[in-house]
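What follows is a set of notes on a single structure, which appears directly below.
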Amino acid sequence: MEIVKLLVWKILTMFMVMGIGAYLYRKKVISDRTTEELGKVLIQVVLPSVVLSQMWTEYSAEKQQTVIRCFVLGMLAQILAVGATWIRFRRDDEAASRGCSAFSNVGFFGIPVVTAVMGSSAVFYLSPTMGTANLLMSTLLVLWFSRSTKDIDLKSVLLNPALISLVTGLVLFFLRIPRPEIVSDVLSALNQLNTPVALLLSGAFLARSDLLGALRKPEVWRVTLWRLVLIPAGIMLLFSILPIGSVEEKTAIWISLSCPIGMNLPVYARLYDPDSVAVCAEEVCITTLLSIVSLPVGLLAAEMVLK
């Protein structure tokens, strides 16, 4: 019951902030140009800050082993999600469905749910997963939404802010370099922008869409099925047969990758495929609402399968 209360509270919070974003867009306080510029700030500055702050933590031998195990678990799970959705939604006009099915809301949704279910210490298990998820989003979503490789080359991949922050965080962690207090304060300030900015932008995108009409679209329900049911079930099965990782590590990562669609999907769509923005915003809302059922049911199944 506690997890249901948490989900309801998080969903209400999300929709209230999104409602403010929709209101500001309709009142022309937020313009299309504003959403594009804020989207770039979110992807190029804020998200890398989140990854860096999660990876650059105080070193210990136990944490080192945990990071390695969770990195492997998170990467394998993300590869499964990406591969399965690419096979199912492989047409060029299904880029939005593919992206929405493959990537979950690890940060805003995953962290509070994991904290509520397993305690704040379990959030550390999500650090590698957040890093790899943001790295894959910043490369694959650009490729999928732009439908070409012209926006992705070796240089752009190597200089990708998400990759740089992930590698930098890992290097600083393994070199046991302590994080100065001033750096922690700067990262904390930037990290606090992630959720509100993404929600405001999603609300602005949603203001241009027809949510009730989306409920009548078969494609929306197919994506919802994959995002909330099939992908989580596949990851649960994968984790049940993998010999590495503790039950706690697997459960935390499973929760984060079984959440509704990530808030950054409409942002990437706005930058690289404006025609897909409304679809992504609609599916974010629908999967967020339905996760109030899918996550508690999935957790009950995870307790039996991953024990």
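Read-outs: derived from the displayed coordinates by stated rules, not from any lab. Quick caveat, the model's predicted, so the values are computed rather than measured. Methodologically, a virtual Cβ is constructed for each residue, glycine included, from the backbone with ideal geometry; neighbour enumeration extends over all protein chains shown.
How much length is gained if the chain between residue 217 and residue 186 is pulled fully straight, taking 0.36 nm per residue apart and subtracting their Cα-Cα distance, in nm to one decimal? Extending this stretch completely gives an extra 6.8 nm.
Applying a threshold of 27 Å to the alpha-carbon distances of 5/63; 27/217; 63/307; 63/250; 5/27 flags 5/63; 27/217; 5/27 as lying beyond it. Under the simplified labelling scheme, the residue 304-residue 292 pair shows an inter-label distance of 2.5 nm, with each label point 7 Å from Cα along Cα→Cβ. With Cα atoms as the point set, segment 39-180 shows a radius of gyration and Dmax of 15.7, 48 Å.
Arranged from fewest to most other beta-carbon atoms within 10 Å of their beta carbon, 174, 124, 145 become 174, 124, 145. Work out the P(r) tail for the chain: percent of alpha carbon pairs separated by more than 34 Å, whole number. In whole percent, the long-distance tail amounts to 16.
Estimated from helical segments only, the mean residue ellipticity of the chain at 222 nm is -22500 deg cm²/dmol, where each DSSP H run of four or more residues counts as -39500 (n - 2.57).
Can you put 18, 304 in order of Cβ neighbours within 10 angstrom, beginning with the fewest?
On the way: 18 25, 304 9.
Fewest-to-most Cβ neighbours within 10 Å comes out as 304, 18.
Summing Lys, Arg as +1 and Asp, Glu as -1, what charge do residues with Cβ under 9 Å from the Cβ of residue 279 carry, residue 279 excluded?
-3
Going from the fewest other Cβ atoms within 10 Å to the most, the residues 250, 10, 217, 28 appear in the order 28, 217, 10, 250. Considering all C-alpha pairs of segment 241-307, those separated by over 18 Å amount to 50%.
For GluC sites (Glu not before Pro), the sites in segment 51-146 that DSSP calls loop and that have at most 14 other Cβ atoms within 10 Å are 58.
So which aspartates and glutamates can residue 40 reach, going by Cα to Cα under 16 Å and dropping same-chain residues fewer than 8 places off? Filter leaves 32, 151, 273.
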